[in-house]
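Below: the structure, in structure tokens.
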Amino acid sequence: MLGRGKRLWSRSKRLKSSYDAVIIGGGLHGLATAYFLATRHGMNHVAVVEKRYIGFGGAGRNTAIVRANQRTQENLPLYKEALELWPVLTQELDFNLMFYNCGNLNLAHSEAALKAMRLQVASAQFHGIDSRLIDPKECKELVPALDVSDRLRYPIYGGMYHPPGGIVRHDAVVWGLASGASQKGVDIIQGVAVTGIGVQGGRITSVETDHGTITTPRVLNAAGAYAAAISCEMLGMRLPISVLTIQAMVTQPLKPILHHVISSGTYHCYANQTLKGEVATGAHMDPWPNYTTQCTAHYIKHQAEALTQLLPCLKGVKFMRAWAGLADMTPDMAPIIDGNDPVRGYYLDCGWGYFGFKSCVVTGKYLADFMASGVCPQILRPFTGRRFEQHRLMGETPALVHYSPDN
Ligand SMILES: Cc1cc2nc3c(=O)[nH]c(=O)nc-3n(C[C@H](O)[C@H](O)[C@H](O)COP(=O)(O)OP(=O)(O)OC[C@H]3O[C@@H](n4cnc5c(N)ncnc54)[C@H](O)[C@@H]3O)c2cc1C
């Protein structure tokens, strides 16, 4: 009967007074970790506490691009496994995550960009990831609608093609993980905000919420753009994270013209065509930290100009919807994944910037190992927050970035 469908996850009647672990944030990383705690470690006395509704944050706003061709030795193995996990998880959850491995084409618009790509391709290939450099003619063969002439403001010099990447339906990931975790007994509590974290003798003891206190020995801060504020305000731990807005939009539905994800750092534009025919496109971040999720005319104009330069056949096509979300940026564009330091039982998974969708499942899997055993898995160790004070920053971005109004 219409409107009486079976709920995907159970509505918990009330918040219990104690849990083995409390996860702050019903986003991608919080739900994935809860799912793996329950399925791999039998830890189902776990609550995911979400102040709005699951998927409210970046989880429900991202452009759903997944790929493994990152830049650095520390990041590549994580993202490689992440990409391999989508079909596995689809089977395991028995839930169609709509993984479409259509391939990613990242365009270069100068000799310098091609050189940087050559290094990135070599690093990816070293880790067994399919990534290659192609020339403008091959770019055109892959994406016939692409303008590879020298009429462009920034002509195309070549591209980095990564066949196994693509897109996954982001809402399906949220719903599938929530459903899987809930079936294993995890409580998914929506509309409840975490307002404080209790610590005694250097250990986590409780979590305060606007619906009461929960006693627990473990807390995971997976609050996305709000993770740094939570750490600072509730525990006095300052994290080097700036919060910036990313805007995105979709065009009206079109017949199929774009069969790959394309992106261009120079034009600050990435795009793919959804199964519904809309061209979904994301822009660069707003240039200074803020917490707004408002769209601006500037980016709508910018995207229209960039898209119609690269794909002239889109001239005259209308944008149908625009939206914005928040990105938690670290100076080296790599996340902070940490635990038990300096507070025993306090775990962090944040600073994902615009990479937090593609990485959520693999991170949840290893973070669950970490939280269940107390021992950080090897693959997560490079992401400790201590790297910033030890001057061991990663090179996921060509230059370290301090996001400020002066950018
Ligand atoms: C426009 C846009 C495009 C993007 N495109 C991509 C992409 O193509 N590929 C990619 O890999 N990544 C992309 N990202 C980034 C990705 O969406 C994020 O990195 C990812 O969502 C981070 O996941 P998370 O679980 O850490 O946080 P979120 O998904 O943001 O979840 C955090 C949750 O915590 C909740 N919360 C906050 N404070 C509290 C509190 N006090 N108590 C309880 N709950 C709280 C929030 O309501 C939220 O639901 C994009 C982001 C944006 C905005």
Counting only residues in region 190-201 that are surrounded by fewer than 16 Cβ atoms within 10 Å (Cβ to Cβ) and either assigned to a strand (DSSP E or B) or not small (Gly, Ala, Ser) (or both), the one farthest from the ligand (Cβ to nearest atom) is identified as Gln200
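Given the structure, is Ser264 more than 14 Å from the ligand (Cβ to nearest atom) and surrounded by 15 or more Cβ atoms within 10 Å (Cβ to Cβ)? Step through it out loud before you land on a result.
Working: more than 14 Å from the ligand (Cβ to nearest atom): yes; surrounded by 15 or more Cβ atoms within 10 Å (Cβ to Cβ): yes.
So Ser264 passes the test.
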For region 202-243 the number of residues that are of a type in the set (A, V, I, L, M, F, W, C) and not in a helix (DSSP H, G or I) is 11
Flagged in region 214-230 as within 11 Å of the ligand (Cβ to nearest atom) and among the hydroxyl-bearing types (Ser, Thr, Tyr), in numbering order, are Tyr226
Per the list (1) over 19 Å from Phe357 (Cβ atoms); (2) out of contact with any strand residue (DSSP E or B) (no Cβ under 6 Å at 6 or more places or on another chain), residue check on Gly265 breaks on (1)
Val121: passes all of (1) of a type outside the set (Phe, Trp, Tyr); (2) closer than 16 Å to Leu28 by Cβ; (3) over 17 Å from the mean Cα position of the chain (by Cα); (4) surrounded by 18 or more Cβ atoms within 10 Å (Cβ to Cβ) but (2)
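Looking only at residues in region 166-189 that are assigned to a loop (DSSP other than H, G, I, E, B) and hydrophobic (A, V, I, L, M, F, W, C), which one is surrounded by the fewest Cβ atoms within 10 Å (Cβ to Cβ)? Quick ask: steps written out before the conclusion?
If we filter region 166-189 for residues that are assigned to a loop (DSSP other than H, G, I, E, B), which is where we start, we get 168-169, 184-186.
From the residues that got through so far, the ones that are hydrophobic (A, V, I, L, M, F, W, C) too are 168, 186.
Working: Val168: 23, Val186: 30.
The extreme case among them is Val168.
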Only one of Thr216, Thr205, Thr245 is of a type in the set (S, T, N, Q) and closer than 19 Å to Ala304 by Cβ, namely Thr245
- Yes/no for Ala223 being of a type outside the set (Lys, Arg), in contact with a Leu (Cβ under 7 Å, 6 or more places away or on another chain) and either in contact (Cβ under 8 Å) with a residue 60 or more places away in the chain or surrounded by 23 or more Cβ atoms within 10 Å (Cβ to Cβ) (or both): no
task: Return yes or no: is Arg52 within 15 Å of the ligand (Cβ to nearest atom) and surrounded by fewer than 20 Cβ atoms within 10 Å (Cβ to Cβ)?
output: yes
The residue from Asn44, Asn62, Asn69 that alone is touching a Ser or Thr at 6+ places or on another chain (Cβ under 6 Å) and either more than 7 Å from the ligand (Cβ to nearest atom) or more than 21 Å from Leu380 (Cα to Cα) (or both) is Asn69
Being more than 10 Å from the ligand (Cβ to nearest atom), modelled with pLDDT of 95 or more, buried (at least 23 other Cβ atoms within 10 Å of the Cβ) and farther than 20 Å from Asn62 by Cα narrows Ile204, Ile241 down to just Ile204
From the option list Ile188, Ile156, single residue qualifying as modelled with pLDDT of 95 or more and not assigned by TED's automatic domain parsing to the domain that holds Gly55 is Ile156
Contact list, first residue from region 339-360 and in the same structural domain as Leu177 (by TED's automatic domain parsing) and in contact (Cβ under 8 Å) with a residue 60 or more places away in the chain, second anywhere and among the basic types (Lys, Arg) and within 10 Å of the ligand (Cβ to nearest atom), beta-carbon distance below 9 Å, six or more apart or interchain, is Lys358/Arg67
Counting only helices (runs of 4 or more DSSP H) entirely within region 46-165, those with at least 1 residues that are in contact with a strand residue (DSSP E or B) (Cβ under 8 Å, 6 or more places away or on another chain) and among the β-branched types (Val, Ile, Thr) are 111-126
Exercise for review: Tell me, yes or no, whether region 279-291 has at least one residue that is crowded, with 23+ Cβ neighbours inside 10 Å and in the same structural domain as Gly42 (by TED's automatic domain parsing).
Suggested key: no
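The values are calculated or read from the model by the stated rules, or taken from the named source; none is laboratory data. All values reported here derive from a predicted model rather than from experimental measurement. Cβ coordinates were reconstructed from backbone atoms using ideal geometry, including for glycine residues, and neighbour counts include every protein chain displayed.
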